[in-house]
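Only one structure is covered here, and it is reproduced in the block below.
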Amino acid sequence: MRKISLITLIMLFCAGLSAQKYTVSGYVTDALSGEKLISARVFDASRNIGAITNSYGFYSITTTGGKLSLQCTYVGFQPFSTTLDLTRDTTIHIDLSAEGVQMETVEIIGEKDIAENSQMSTIDVPIETIKKIPSLMGEVDVIKALQLLPGVRSGGEGTTGFYVRGGGPDQNLILLDGVPVYNVSHLFGFFSVFPADAISSVSLVKGGFPARYGGRLSSVIDISLKDGHMKKLHGEGSIGLIASKLTLEGPIWKDKTSFMVSARRTYIDILAQPFIRMATGSPGLQGYYFYDGIAKVNHRFNDNNRLYLSFYGGNDKFYSTSQYETGRTGFTYVSNNKSRLGWGNKIAALRWNHLFSDKLFGNFAATYSTFNFGISEDQKVKQTVNGQTTNDRFAYAYDSGIRDLGLKVDLDWYASPKHLVRFGGYGIRHRFVTGVSHLIAASADYTIDTVVGIPPIHAWEAGIYLEDDFKVGERQKFNLGVHGSAFWVDGRFYRSLQPRLAYRFMIDGNWAAKASFTTMYQYIHLLTNSGLGLPTDLWVPSTASIKPQAGYQGAVGIARSFKDLGLEVSVEGYYKYMTGFIEYQEGASFLSESTDWQSKVVQGNGWAYGGELFVQKKIGKTSGWVGYTLSWTKRQFEELNDGKPFYFKYDRRHDISVVVVHEFNKKVDCGLTWVYGSGQATTLPKATFQGFINDPSQPMGFPQSVDYYGERNSYRLPAYHRLDLSVNLNKDLKKFSRTWSFSVYNAYSRRNAYFVYFDYTAAGQRVLKQVSLFPIIPSVAYRFKF
């Protein structure tokens, strides 16, 4: 009996050993540069389990001991595979090589596979594709590339403003290395603030938001900067018609510390200055320029600790100086004038990655973000009359902006191959300057020096989240989470609890059905004067009288991966309801008489619904995508349009985008984009009435015309469409490679309506006229890389 018991115990012990679980973990990097690879797929082919690398290239797989066939794949890199006998927790860092890759034969395997991923309404756009598509004035632009995706509307001809699934421009959370950026536009929206050469990855989330994101209703654009080359010095740049840029990256301490710096500046002001002087005959200076500067340092203390320091700074500046002189016997008059208009962002982030164990990864961040806008006018006048001199001065300045100081903790727990749990929290201290005017008027008789406007508003925002991405069997996958947030401002406390759900069901090995439901809350607003994303728009907080924005979105869809062809296809339908929009009252603006912005606005609701088709090809000599959107978007305010719903300005029934990039060989590639959109809504007067205003001092009265507008946004502009083309000529030289990039914007010179207005002919007939901005615009840029 004792022998049987002993044998039984030994067998049970051995069985326990055979079922013992161990963890394989590590980082996936580019073998050439040491750059971390985001969303690489690491899996055990023998057990059909795996993991996807996080935003810092880390993966973790827990499985039973024994033979393990470990493989790793990433689009554009040679696959990695190894076999090991797993008898203990093991660390394996994987270096992938891009050399010798035949893009036509690379198989897309990974959690970012559109059919396998539980998350829907998410699109990753390869940076290399963005660099090859046609660009305005030769300036490669990330935001303009995102405007070509289904569900994303452009704010206007050539601009970087965008509206996602019926939302407003303030409802897009734009993150640069995890830090919110509040204004992404240069030159009133014609260029964005993100130089493509400094970016490693771009991801757009339009719905089905994971719980880790919060604070906005419509979209998340997550942009990651390059970490910097760990092996040797590299650089790339370009010289274009209006701007030049340069990016350098390399090791400070090889395989330990790297850096990346990038700078861009326009020279419109320098080139245009002689022509402006000839046209005006003035000795003064007038001009405009913008610049960007980016820096990043990445240090690896050891496998468990890494430190990142990121910085971005950019500004737009209009300036004008002039001098006027006149005089006669006994009298002289000299006037000096200076005008300034400027806006810009500054952001910084200090992030520490710590590996608590082979299953628990942590990221701790301290962030800073600020956006400022300012106008100033300064006039000095010196007069001399019969030997008596007087000095007068008039100066005016207007400033607004927002500043954030934040702390954030994000933890990834790889509980098992079927469970990835994310949780964390954040705190933000907001400072809002909602419009302050400084007036100075001085002469020999009086002096006025006063500041008009409400003091800065301080607010606190905090939140926590919990998210679990898990599988149930082989076909079902869920992403369940909850995001809780709170907001304190001027003694008022707001709070919300936002559940998130995403579901995927694999119909077969390639087809998947998906559904999602999310609730979102937003405590800040953008008070806009127009739809162009002008810097005069004010960022303002929710207050006791201005409620937060809230919304929910539901979506269903199907997705299919054609892995042999490198194609992904998805069809989605969505419905979104939003509350808490703010708009200026009729006739009000940021410079109207009232100093308190809260007295100038009204609040209302909005909803949007529609369907989207997206076909994307990521590999092969020909890549790109086709997108189609069918949608309806409406707004409703009690104080506007007699309280009746009206179509949003950027409601477009149909949107089509075609993006094609083809590589003939290593020396020649070309790009094509074609876009079509139904005419956007606008408001025009339906009738004009003639009358007289009674005035006792004028017996006949004043003649007056009064326009009757009817319903808001009841008129449609003509449909918008445009074709852009580009050709890149590449050549590898001894020490560097160069590219001549030729592009044509609006190739068939379509006269698209920027806006329309009524005018009168010589015969007195009233006619509707159209203003168009851009005809066909050719451009050339010289790019280099070493």
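The values are calculated or read from the model by the stated rules, or taken from the named source; none is laboratory data. Owing to the predicted nature of the structure, the values given are computational and were not obtained by experimental measurement. Cβ: placed from backbone, ideal geometry, glycine included. Neighbour counts: every protein chain shown. For accessibility, only protein heavy atoms count, side chains too; no ligands or nucleic acids. Shrake-Rupley method; radii C 1.70, N 1.55, O 1.52, S 1.80 Å.
Restricting to the range 645-668, and then to whatever is in a strand (DSSP E or B) and of a type in the set (D, E, K, R), can you tell me which residue is least open to solvent (accessible area, probe 1.4 Å)?
Filtering first and then ranking leaves ASP655.
Condition check ((1) in a strand (DSSP E or B); (2) of a type in the set (Ser, Thr, Tyr); (3) more than 18 Å from LEU175 (Cβ to Cβ)) across all residues:
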residue	(1), (2), (3)
THR384	yes, yes, yes
THR390	yes, yes, yes
PHE394	yes, no, yes
SER400	yes, yes, yes
VAL409	yes, no, no
ASP412	yes, no, no
ALA415	yes, no, yes
ARG422	yes, no, no
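Under 6 Å between Cβ atoms, at least 6 apart or on separate chains: pull out the pairs that start in the range 199-220 with a residue that is at negative phi and end on any residue that is open to solvent by 10 Å² or more (accessible area, probe 1.4 Å) and assigned to a loop (DSSP other than H, G, I, E, B).
Listed by first residue and then by second, the contacts come to SER200/LYS226; SER201/ILE38; VAL220/TYR213.
If I ask for residues that are open to solvent by 40 Å² or more (accessible area, probe 1.4 Å) and in contact with a His (Cβ under 8 Å, 6 or more places away or on another chain), which ones from the range 362-375 would you list?
PHE364
What number of residues within the range 196-211 satisfy the criterion of being under 18 Å from ARG500 (Cβ atoms) and surrounded by fewer than 20 Cβ atoms within 10 Å (Cβ to Cβ)?
The number of residues fulfilling the criteria is 1.
Return a yes/no flag: does the range 184-194 have any residue that is open to solvent by less than 10 Å² (accessible area, probe 1.4 Å), in contact with a His (Cβ under 8 Å, 6 or more places away or on another chain) and part of a loop (DSSP other than H, G, I, E, B).
Yes, because at least one residue in the range 184-194 is open to solvent by less than 10 Å² (accessible area, probe 1.4 Å), in contact with a His (Cβ under 8 Å, 6 or more places away or on another chain) and part of a loop (DSSP other than H, G, I, E, B).
For SER594, indicate whether it is of a type in the set (Ser, Thr, Tyr), at pLDDT below 80 and touching a Ser or Thr at 6+ places or on another chain (Cβ under 9 Å).
Answer is no for this residue.
Would you pick out the residues in the range 487-507 that are farther than 14 Å from ALA550 by Cβ and in contact with a Lys or Arg (Cβ under 9 Å, 6 or more places away or on another chain)?
Listed by number, the residues that qualify are ALA502, TYR503, ARG504, PHE505, MET506, ILE507.
Just to confirm my filter: which strands (runs of 3 or more DSSP E) fall fully inside the range 747-786 and include at least 2 residues that are among the β-branched types (Val, Ile, Thr)?
Passing ranges, in order: 766-771, 777-785.
It is to be established whether one or more residues within the range 343-364 are basic (Lys, Arg) and in a loop (DSSP other than H, G, I, E, B).
Among the residues of the range 343-364, at least one is basic (Lys, Arg) and in a loop (DSSP other than H, G, I, E, B), which makes the answer yes.
Could you list, ordered by first residue, the pairs with Cβ atoms under 7 Å in which the first is in the range 319-331 and of a type outside the set (D, E, K, R) and the second is open to solvent by less than 50 Å² (accessible area, probe 1.4 Å) and not in a strand (DSSP E or B), at least 6 apart or interchain?
Once the first residue is of a type outside the set (D, E, K, R) and sits in the range 319-331, its partners that are open to solvent by less than 50 Å² (accessible area, probe 1.4 Å) and not in a strand (DSSP E or B) give SER320/GLY284; THR321/GLY284; SER322/SER282; SER322/GLY284; GLN323/GLY284.
Residues of the range 483-500 being open to solvent by 50 Å² or more (accessible area, probe 1.4 Å) and within 18 Å of GLY424 (Cα to Cα), which ones?
Selection gives ARG495, LEU497, PRO499.
Can you name every residue in the range 285-334 that is in a strand (DSSP E or B), over 22 Å from ARG393 (Cβ atoms) and either modelled with pLDDT under 90 or charged (D, E, K, R) (or both)?
GLY287, TYR288, TYR289, ASP292, LYS296, ARG300, ARG306, ASP316, LYS317, ARG328
Of (1) more than 24 Å from MET120 (Cα to Cα); (2) open to solvent by 20 Å² or more (accessible area, probe 1.4 Å); (3) touching a strand residue (DSSP E or B) at 6+ places or on another chain (Cβ under 7 Å), ARG216 satisfies all except one. Which?
All conditions are met except number (1).
Is at least one residue of the range 543-554 in contact with a helix residue (DSSP H, G or I) (Cβ under 8 Å, 6 or more places away or on another chain), hydroxyl-bearing (Ser, Thr, Tyr) and over 18 Å from ILE402 (Cβ atoms)?
yes
Report, by residue number, each residue of the range 62-87 that is buried (at least 18 other Cβ atoms within 10 Å of the Cβ) and assigned to a strand (DSSP E or B).
Answer for the range 62-87, where residues must be buried (at least 18 other Cβ atoms within 10 Å of the Cβ) and assigned to a strand (DSSP E or B): THR62, THR63, LEU68, LEU70, GLN71, CYS72, THR73, PHE80, LEU86.
Starting from residues that are open to solvent by 70 Å² or more (accessible area, probe 1.4 Å) and among the hydroxyl-bearing types (Ser, Thr, Tyr), keep the ones in the range 437-472 and report whichever is nearest to VAL409 (Cα to Cα).
THR447
Of all residues in the range 27-44, how many are open to solvent by less than 30 Å² (accessible area, probe 1.4 Å), touching a Phe, Trp or Tyr at 6+ places or on another chain (Cβ under 9 Å) and of a type in the set (A, V, I, L, M, F, W, C)?
4
Can you name the residue in the range 219-273 that is at pLDDT 90 or above and of a type in the set (Phe, Trp, Tyr) and is also farthest from the chain's Cα centre (by Cα) among such residues?
TRP253
ARG751 - would you say it is farther than 18 Å from VAL661 by Cα and touching a Ser or Thr at 6+ places or on another chain (Cβ under 6 Å)?
yes
Could you list all residues from the range 387-436 that are open to solvent by 70 Å² or more (accessible area, probe 1.4 Å), among the charged types (D, E, K, R) and under 30 Å from ARG41 (Cβ atoms)?
The one that is open to solvent by 70 Å² or more (accessible area, probe 1.4 Å), among the charged types (D, E, K, R) and under 30 Å from ARG41 (Cβ atoms): LYS418.
Which number in (1) under 30 Å from ASP669 (Cβ atoms); (2) touching a strand residue (DSSP E or B) at 6+ places or on another chain (Cβ under 7 Å); (3) open to solvent by less than 60 Å² (accessible area, probe 1.4 Å); (4) not polar (S, T, N, Q) marks the one condition that LYS618 misses?
Going through the list (1) under 30 Å from ASP669 (Cβ atoms); (2) touching a strand residue (DSSP E or B) at 6+ places or on another chain (Cβ under 7 Å); (3) open to solvent by less than 60 Å² (accessible area, probe 1.4 Å); (4) not polar (S, T, N, Q), LYS618 breaks only (2).
Applying the selection to the range 443-459, what residues are modelled with pLDDT of 80 or more and not in a loop (DSSP other than H, G, I, E, B)?
ILE457, HIS458, ALA459
Of the residues ARG750, ARG766, only one is surrounded by fewer than 17 Cβ atoms within 10 Å (Cβ to Cβ) and modelled with pLDDT of 90 or more; which?
Result: ARG750 is the single residue among ARG750, ARG766 that is surrounded by fewer than 17 Cβ atoms within 10 Å (Cβ to Cβ) and modelled with pLDDT of 90 or more.
Does ASP378 meet the test of being open to solvent by 70 Å² or more (accessible area, probe 1.4 Å) and not hydrophobic (A, V, I, L, M, F, W, C)?
Considered against the rule, which asks whether it is open to solvent by 70 Å² or more (accessible area, probe 1.4 Å) and not hydrophobic (A, V, I, L, M, F, W, C), ASP378 comes out as no.
Out of all the residues in the range 195-236, which are outside any loop (DSSP other than H, G, I, E, B) and aliphatic (A, V, I, L, M)?
Listed by number, the residues that qualify are ALA196, ALA198, ILE199, VAL202, LEU204, VAL205, VAL220, ILE221, ILE223, LEU225.
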